[in-house]
């Protein structure tokens, strides 16, 4: 059964890179949102009901439910416009987006490899 929660809630995970990215935006914009940390092995019933992919991050703002960190971040930037996350100039904005894409493609994959290797080492101990 769904529980009563704050007007804006973020379902997040302390070990999810996409959740970290969303929380960084919230911190940069000084947005006060209720954060519910979710363990990947024990998903909350509310999250299972709200998000068809059962993934984090998931943002709930009254009747609006958003998932995918890029969608959430764009929404937060539009709903809380100050300070803006993106430069005003279209060329600089495009370069900024490309840098974000490269971070996601290159760094996230590397971070996942490092995390998997660490888990493997722990399992062999």
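The values are calculated or read from the model by the stated rules, or taken from the named source; none is laboratory data. Small disclaimer: the values here were computed from a predicted structure and weren't measured. Cβ atoms come from the backbone with ideal geometry, glycine included; neighbour counts cover every protein chain shown.
Summary of computed values
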{"quantity": "Top-ranked residue in the range 1-24 [being farther than 17 Å from residue 111 by Cβ and not in a strand (DSSP E or B); ranked as modelled with the highest pLDDT]", "calculated": "7"}
{"quantity": "Unmet criterion (only one of (1) closer than 21 Å to residue 104 by Cβ; (2) more than 13 Å from the chain's Cα centre (by Cα); (3) at pLDDT 95 or above) for residue 66", "calculated": "(2)"}
{"quantity": "Considering residues of the range 23-36 that are in contact (Cβ under 8 Å) with a residue 40 or more places away in the chain and in contact with a helix residue (DSSP H, G or I) (Cβ under 9 Å, 6 or more places away or on another chain) only, the residue surrounded by the most Cβ atoms within 10 Å (Cβ to Cβ)", "calculated": "26"}
{"quantity": "Segments classed as helices (runs of 4 or more DSSP H), wholly inside the range 45-125, with at least 3 members that are in the same structural domain as residue 14 (by TED's automatic domain parsing)", "calculated": "45-50, 69-79"}
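Here is a yes/no grid of residues against (1) in contact (Cβ under 8 Å) with a residue 24 or more places away in the chain; (2) surrounded by 10 or more Cβ atoms within 10 Å (Cβ to Cβ); (3) in contact with a strand residue (DSSP E or B) (Cβ under 9 Å, 6 or more places away or on another chain):
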position: 21; (1), (2), (3): yes, yes, no
position: 38; (1), (2), (3): yes, yes, yes
position: 55; (1), (2), (3): no, yes, yes
position: 59; (1), (2), (3): yes, yes, yes
position: 71; (1), (2), (3): no, yes, yes
position: 75; (1), (2), (3): no, yes, yes
position: 82; (1), (2), (3): yes, no, no
position: 95; (1), (2), (3): no, yes, no
